[in-house]
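The values are calculated or read from the model by the stated rules, or taken from the named source; none is laboratory data. Everything numeric in this text was worked out from a predicted model, so none of it was measured. Cβ placement follows ideal geometry from the backbone for every residue including glycine, while neighbour counts extend to all protein chains displayed.
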Amino acid sequence: MIEGLVPADKAWAIITAGAGPLDVERIALADTAARVLGEDLAALRTQPPFDASAMDGYAVRQADLADLPASLAVIGTSAAGHPFNGPLGPGQAVRIFTGAQVPAGADTIVIQENTTTDVDSVTVLEPATPGRYIRRAGLDFAEGEVLLEKGRLLDAQSVALAASMNHATVPVFRKPAVAIIATGDELVAPGGELAAGQIIASNSYGLGAIARAAGAHVMDLGIVADTRQALGEAARRALDDGADLIVTIGGASVGDHDLVAPAMRELGFEFAFAKIAMRPGKPLLYATHEHSGRTVRLVGLAGNPVSSLVSAQVFVRPLINLLAGRPAHAVEPIGGRLGRDLPANDERAEYMRATAIRSKDGTIIATPFENQDSSMLANLTRADCLVIRPVAAPAAREGEPCELVPLRDL
């Protein structure tokens, strides 16, 4: 295990080493929204499967329109789902509607606005271009054509396309199973009665929301007592239930009551590091364990609410994205400008909670809060972004460039 403070970028590289999409499962098309396609998807049919009319009007033969006006006998109707059965002969027309199959023998659609009608006939008044208003079979796609590629995040358009391709089920990368273990004798679930020295458990709810948004199946194992036995039993349950990632909250430091590391070592987890050069979130454990033929990862977060959630945004969220087959969207900062002066920074990179607005020229102006205490969850909720202050960054003035990680759309 690496001793001392690990730089945040090195910690990220260690955490994501070898991380990639999990195995592929086939699920019902209706359940695929926001999932990631695990294999190329080819069309099982041609669309449209026949020549179809793009307008309401009449299917005719171009040869019958040499002299206008041209009077044609209407011999039937073709509507969507109810095609006209039979060929079209000389001097004949078929009433046709949008999406309906073009009858054999017809090579042009005359829109109804360019005609007059009688009981059993139609008179074409205006010339029509051959092939006009006919959507040819295969105009959209052909059977066997790969239209959706592996790695595609399935949005509304791609789900609709998969349906049109005639896929009732779709291969997608399996959702990572993320087990959350909150540890601490002081924690009480929301809605409970607080005794002396107790606080409401909030971190696991925020972490669960982050994990679900990143594409995970969340296994909340509740609040676990501050004992090695209780922690080990909870982690063993997570392993047996198929967890791909275990995230613990609290007990990640090196004090007498910080039992996550020793409890997990007893289960066979091998630790890479225990502290990172980052504020908030200095205590951060990372370990792996080979269990039942799969690599199970463990991230141990600090107990302070802001430390926990910031570390989750910076490390856990992008790791889950990778396991779910999505782009990491890791701590890939975007540029902005400072909304106030900042002092020089020390040996830890700081992720400062900040508000953000866009100026008239589109520049993001990020203003860090004065108070950056890691217990202040309300401040984190008010924040639009995290302003990154690198290790040993010199003092910066208002208006100078900065890098930031958005917490919401900016």
Margin query: Being in contact with a Lys or Arg (Cβ under 8 Å, 6 or more places away or on another chain), surrounded by 19 or more Cβ atoms within 10 Å (Cβ to Cβ) and not aliphatic (A, V, I, L, M): is that true of Gly184 here?
Written below: no
Margin query: I'd like to verify a number: residues in the stretch 233-284 that are closer than 26 Å to Asp23 by Cα and under 32 Å from the mean Cα position of the chain (by Cα), how many?
Written below: 20
Check: Of the residues in the stretch 266-296, how many are touching a residue at least 60 places away in the same chain (Cβ under 8 Å), touching a helix residue (DSSP H, G or I) at 6+ places or on another chain (Cβ under 7 Å) and not small (Gly, Ala, Ser)?
Finding: 7
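Hand me the list of strands (runs of 3 or more DSSP E) wholly inside the stretch 313-372 holding 3 or more residues that are of a type in the set (A, V, I, L, M). Please lay out each step first, then the result.
Numbers: elements: 334-338, 349-358, 364-368.
It comes to 349-358, 364-368.
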Check: Pick from Ala344, Ala272: which is in the same structural domain as Ser374 (by TED's automatic domain parsing) and either buried (at least 24 other Cβ atoms within 10 Å of the Cβ) or not polar (S, T, N, Q) (or both)?
Finding: Ala344
Notebook entry, point to check: So Leu139 clears everything in (1) under 40 Å from the mean Cα position of the chain (by Cα); (2) crowded, with 16+ Cβ neighbours inside 10 Å except one condition, right? Which one?
Noted result: (2)
Next item on the list: Name every residue in the stretch 84-102 that is buried (at least 19 other Cβ atoms within 10 Å of the Cβ) and either without any contact (Cβ under 8 Å) to a residue 40 or more places away in the chain or in contact with a helix residue (DSSP H, G or I) (Cβ under 6 Å, 6 or more places away or on another chain) (or both), in order of residue number.
Entry: Phe84, Leu88, Gln92, Ala93, Val94, Arg95
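A quick yes/no check of all residues on (1) farther than 10 Å from Ile180 by Cα; (2) of a type outside the set (Lys, Arg); (3) part of a strand (DSSP E or B); (4) at pLDDT below 95:
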| residue | (1), (2), (3), (4) |
| --- | --- |
| Gly197 | yes, yes, no, yes |
| Ala209 | yes, yes, no, no |
| Gly215 | yes, yes, no, yes |
| Leu221 | no, yes, yes, no |
| Arg237 | yes, no, no, no |
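Have a look at Gly81, Gly38, Gly105 and point out the one that is outside the structural domain of Leu154 (by TED's automatic domain parsing) and surrounded by 15 or more Cβ atoms within 10 Å (Cβ to Cβ).
Gly105
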